[in-house]
Amino acid sequence: MKFLCVGCDEPMRIHSVEGPEQGSVSVTFGCPRCSHRVALLTNPMETQLVRSLGVKIGGHGLPPEPLEVLSTALGSQREGAVEAAGEEGPVWAEAAEARLERLPPLARPMARMAISRYARERGVTMVTPELMDEYRARAGF
Amino acid sequence: MPKRSRDIAGDGGSNILAQVEELGARVRARMARVRRKLAVTSGKGGVGKSVLTANLAAVLAGSGWRVGVMDADLNGPSMAKVLGVRGRRLRLSSEGVHPAEGPLAIKVLSMDLFLAEGPTPLIWEATTQQDSFVWRESMEATALREFLSDTAWGNLDVLLFDLPPGAPRLPALAGLLGDLDGALVVTIPSEVSQLAVGRSVELARAHAVRLLGLVENMAGYLCPHCGAVGDLFAGESQFPAEVLGLPSLGRIPFEPRIARCADRGSPYVLAHPETVAGQALRALGARLSALLTLEGAGR
């Protein structure tokens with residue numbers, strides 16, 4: 001799906017991606033010439049269809065986590081089905097740990113490994129909720 | 001004249017086409033360490049594909065091959081149970097998710113290993129399950145792709161795929177892999193099975209999927225007490241391989257201990273290698289092994 005700024009006859013570019021919230025993703029496109037913006041809002045079925053493809057809207061090139069779709073979309077997951085091998089990594093702030101715990105069981109070790117790697121690559125010694133936000137924004141939907 | 005999609009380069013920043021290509025490349029990179037990829041298929045449910053796959057894996061592993069089994073039946077996964085790894089915890093490393101190890105170091109990955117204990121069905125989280133028929137198959141295809149690309153299979157001589165019933169499953173897997181070496185078709189000696197399996201065979205041919213041959217499972221009843229083999233189905237006198245135009249790779253009689261071993265998570269052929277059924281399974285493994293080895297030498 002592509003968006004064209006009709007007035008400028010210019011292809012629009014993704015400005016931001018937010019969500020999913022309550023099954024809806026908001027993708028804002030902007031015209032690079034006149035800065036006009038439009039937002040594409042998906043309904044839950046459309047959101048799920050995009051999710052099922054395993055591609056990322058507005059992704060910026062971070063490698064996907066192992067079993068990324070499975071671990072985030074599978075219902076009724078077995079607690080402790082996957083455990084991360086011990087790796088030297090950054091310290092996780094209490095708030096970051098609490099946030100990690102809110103993820104589905106399978107997604108926790110995957111996210112811990114990916115965010116720890118993201119932190120190490122940037123020389124960050126402590127994972128905070130802010131770093132998790134940054135990672136999520138880079139990873140895209 | 002208004003612009004069309006192809007008049008505009010790129011997609012605004014997501015680069016979906018490149019992402020799709022990258023996902024395929026991840027599968028190819030992982031599968032490059034697997035010498036042979038073989039699907040066990042039927043198109044018909046209840047013919048004993050999973051138990052046959054487990055026994056075949058055991059025969060090949062027993063002959064020194066490094067064997068993996070991927071349970072491609074996401075909705076009715078049974079390989080974890082049949083190969084005795086149900087409930088095992090999987091290890092995650094920078095290489096990916098490491099499969100469970102069953103008897104003879106057979107590597108196993110199954111959806112069963114990720115689902116909550118008990119008879120938990122495969123349900124995908126969504127704000128609403130309404131219209132799930134639109135995205136469910138796509139979600140399952142993505143899960144299969146992730147099983148392929150994100151599992152640390154390591155170096156394998158053969159990866160066996162235990163496919164669910166349904167004619168389109170084999171072409172779908174072949175498309176996902178791109179270089180499936182072939183499929184073993186399983187049937188039982190009944191006209192009903194032959195009809196369903198026949199449709200799968202024709203669909204596979206239409207998609208140019210290579211079929212290595214046919215295995216007749218439950219071909220006769222082997223009495224565990226006296227060792228005599230009698231008819232189990234009425235259509236035993238027919239020759240399904242001939243009818244389906246496939247080479248016959250073996251006939252495996254049924255005996256109750258095959259089912260008991262499967263329930264215990266221990267391949268029958270390891271416990272009973274010298275029975276008629278055990279010998280038939282070993283002969284099937286040897287035929288396949290020779291077939292795949294010969295082809296490997298020719299490559």
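The values are calculated or read from the model by the stated rules, or taken from the named source; none is laboratory data. No experiment lies behind these values; they were computed from the predicted model shown. When we count neighbours, we look across all protein chains shown, and the Cβ atoms used for this are built from the backbone with ideal geometry, even at glycine.
See the values below:
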read-out	value
Residue match in the range B:1-12 (condition: within 14 Å of another protein chain (Cβ to nearest Cβ), touching a helix residue (DSSP H, G or I) at 6+ places or on another chain (Cβ under 8 Å), surrounded by fewer than 23 Cβ atoms within 10 Å (Cβ to Cβ) and not hydroxyl-bearing (Ser, Thr, Tyr))	yes
Total residues in the range B:121-172, condition farther than 23 Å from residue A:104 by Cα, hydrophobic (A, V, I, L, M, F, W, C) and surrounded by fewer than 16 Cβ atoms within 10 Å (Cβ to Cβ)	2
Boolean, residue B:169 is touching a residue at least 12 places away in the same chain (Cβ under 8 Å) and more than 14 Å from chain A (Cβ to nearest Cβ)	yes
Index of the failed condition, residue A:110 passing every other in (1) over 24 Å from residue A:125 (Cβ atoms); (2) within 15 Å of the chain's Cα centre (by Cα)	(1)
Subset tally (residues that are outside any helix (DSSP H, G or I) and either over 23 Å from residue A:114 (Cβ atoms) or more than 9 Å from chain A (Cβ to nearest Cβ) (or both)) for the range B:96-114	9
Criterion (outside any helix (DSSP H, G or I) and either away from every other protein chain (no Cβ under 14 Å) or modelled with pLDDT under 95 (or both)) met by exactly one of B:39, B:18, B:25	B:39
Qualifying residues in the range A:81-95 (those that are exposed (fewer than 13 other Cβ atoms within 10 Å of the Cβ) and facing another protein chain (nearest Cβ under 7 Å)) - the one nearest to residue B:87 (Cα to Cα)	A:83
Out of A:47, A:28, A:72, sole residue that is closer than 19 Å to residue A:114 by Cα and not in a loop (DSSP other than H, G, I, E, B)	A:72
Meets criteria (more than 21 Å from residue B:87 (Cα to Cα) and more than 8 Å from every other protein chain (Cβ to nearest Cβ)) for residue A:39	yes
Residues that are touching a residue at least 12 places away in the same chain (Cβ under 8 Å) and of a type outside the set (A, V, I, L, M, F, W, C), drawn from the range B:105-146	B:107, B:110, B:112, B:117, B:121, B:136, B:140, B:145
Subset of the range A:1-19 [more than 8 Å from chain B (Cβ to nearest Cβ) and not in a loop (DSSP other than H, G, I, E, B)]	A:5, A:10, A:15, A:16, A:17, A:18, A:19
Yes/no for residue B:69 being outside any loop (DSSP other than H, G, I, E, B), crowded, with 23+ Cβ neighbours inside 10 Å and at the interface with another protein chain (Cβ under 9 Å from one of its Cβ atoms)	no
Number of positions in the range A:28-58 that are in contact with a strand residue (DSSP E or B) (Cβ under 7 Å, 6 or more places away or on another chain) and either in contact (Cβ under 8 Å) with a residue 60 or more places away in the chain or acidic (Asp, Glu) (or both)	2
Some residue of the range B:133-150 being touching a His at 6+ places or on another chain (Cβ under 8 Å), within 12 Å of another protein chain (Cβ to nearest Cβ) and of a type in the set (Gly, Ala, Ser)	no
Scan of the range A:107-129 for residues that are under 19 Å from residue A:62 (Cβ atoms), part of a loop (DSSP other than H, G, I, E, B) and of a type outside the set (Gly, Ala, Ser), ordered by number	A:122, A:124, A:128
Pair list, Cβ under 6 Å, 6 or more apart: the range B:205-233 residue over 27 Å from residue B:245 (Cβ atoms), other residue of a type outside the set (Val, Ile, Thr) and surrounded by 13 or more Cβ atoms within 10 Å (Cβ to Cβ)	B:221/B:232; B:221/B:254; B:222/B:253; B:222/B:255; B:222/B:277; B:224/B:255; B:224/B:257; B:230/B:221
